[in-house]
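Notes to accompany the following structure.
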Amino acid sequence: MKAIILLGAPGAGKGTLAEGVRKETDYQHVSTGDMLRVAVKAGTPTGLEAKSYMEKGELVPDDVILRIVGERLAEGRPEDKLMFDGFPRTLEQARQLDAVLEKAGAKVDQVFLLDVPTETIVSRLSGRRICKGCGAVYHVTNIPPKAEGVCDKCGGPLYQRPDDSEATVLNRLEVYQRQTASLIDFYEQKGILIHVNAGTTPQDATKEMLSKLA
Ligand SMILES: [Zn+2]
């Protein structure tokens, strides 16, 4: 079994990149959100435990997430190639993931860190506009609607999510950097951290990551 991890700030384009790599390789895109949804739907004991937290609007604790990851790995086949997205988020989770992978006879093979300048992330996220009617996503400069503030698809009004205001974006980035600094050191010391320039286009970033994939 092979395992790689995608690390990147909010707005770094992890989702688009993961999708590009999935299409071009045999890597499966593994997000903890998806694994949680599958476990909850399947009604496994761990899934039901996770559901009880989600119903209360609480974060699912690390140990429950780790168990779900472990169960997913236990079902895996030796030829599986997994690409983790959004997990691990902390050093503690990274250590636990190593232990879970070891049980499955695997390890983290490569960690891809998406490098994007802060001002690029701020412009990507703070320029985002969403349709109140149909949820379509626009960007004031990159994907502008035909008429300002109006959805091309349904004519609904466009708005900026409070999460995407410049001050909130800067705050989210600071939280991300604080959380992941030790995680980045951890993988750098293992010699498996690989930088990918994700400040350009998703296509270029995907191409660069594919060229560095072992
Ligand atoms: Zn719309």
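Results, tabulated for the structure shown:
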read-out	value
Residue check for R67: away from the ligand (no atom under 16 Å from the Cβ) and in contact with a Ser or Thr (Cβ under 8 Å, 6 or more places away or on another chain)	yes
Hey, G57 open to solvent by 40 Å² or more (accessible area, probe 1.4 Å) and of a type in the set (G, A, S) or not	yes
Selection count, the stretch 86-107, where residues are out of contact with any Phe, Trp or Tyr (no Cβ under 7 Å at 6 or more places or on another chain), closer than 25 Å to T16 by Cα and crowded, with 19+ Cβ neighbours inside 10 Å	3
Scope the stretch 53-71; condition among the β-branched types (V, I, T) and assigned to a helix (DSSP H, G or I); matching residues	V64, I65, I68, V69
Unmet criterion (only one of (1) under 24 Å from F87 (Cα atoms); (2) open to solvent by less than 80 Å² (accessible area, probe 1.4 Å); (3) out of contact with any helix residue (DSSP H, G or I) (no Cβ under 6 Å at 6 or more places or on another chain)) for E188	(2)
Filter pass, L158 being outside any helix (DSSP H, G or I), out of contact with any helix residue (DSSP H, G or I) (no Cβ under 6 Å at 6 or more places or on another chain), away from the ligand (no atom under 15 Å from the Cβ) and modelled with pLDDT of 95 or more	no
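Here is a yes/no grid of residues against (1) within 15 Å of the ligand (Cβ to nearest atom); (2) under 30 Å from E188 (Cβ atoms); (3) touching a strand residue (DSSP E or B) at 6+ places or on another chain (Cβ under 6 Å):
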| site | (1), (2), (3) |
| --- | --- |
| L114 | no, yes, yes |
| T120 | no, yes, no |
| R124 | no, yes, no |
| R128 | yes, no, yes |
| K132 | yes, no, yes |
| T141 | no, no, no |
| G149 | yes, no, yes |
| D152 | yes, no, no |
| D164 | no, no, yes |
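Okay, residues lined up against (1) outside any helix (DSSP H, G or I); (2) without any contact (Cβ under 8 Å) to a residue 40 or more places away in the chain:
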| residue | (1), (2) |
| --- | --- |
| D163 | no, yes |
| V175 | no, yes |
| A181 | no, yes |
| Y187 | no, no |
| G191 | yes, yes |
| I194 | yes, no |
| M209 | no, no |
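The values are calculated or read from the model by the stated rules, or taken from the named source; none is laboratory data. As the structure is a computational prediction, the values presented were derived from the model and not from experiment. Heads up, the Cβs are rebuilt from the backbone with ideal geometry, glycines too, and the neighbour counts pull from every protein chain shown. Ligands, DNA and RNA are excluded from the accessible area calculation, which covers all protein heavy atoms including side chains. Shrake-Rupley method; radii C 1.70, N 1.55, O 1.52, S 1.80 Å.
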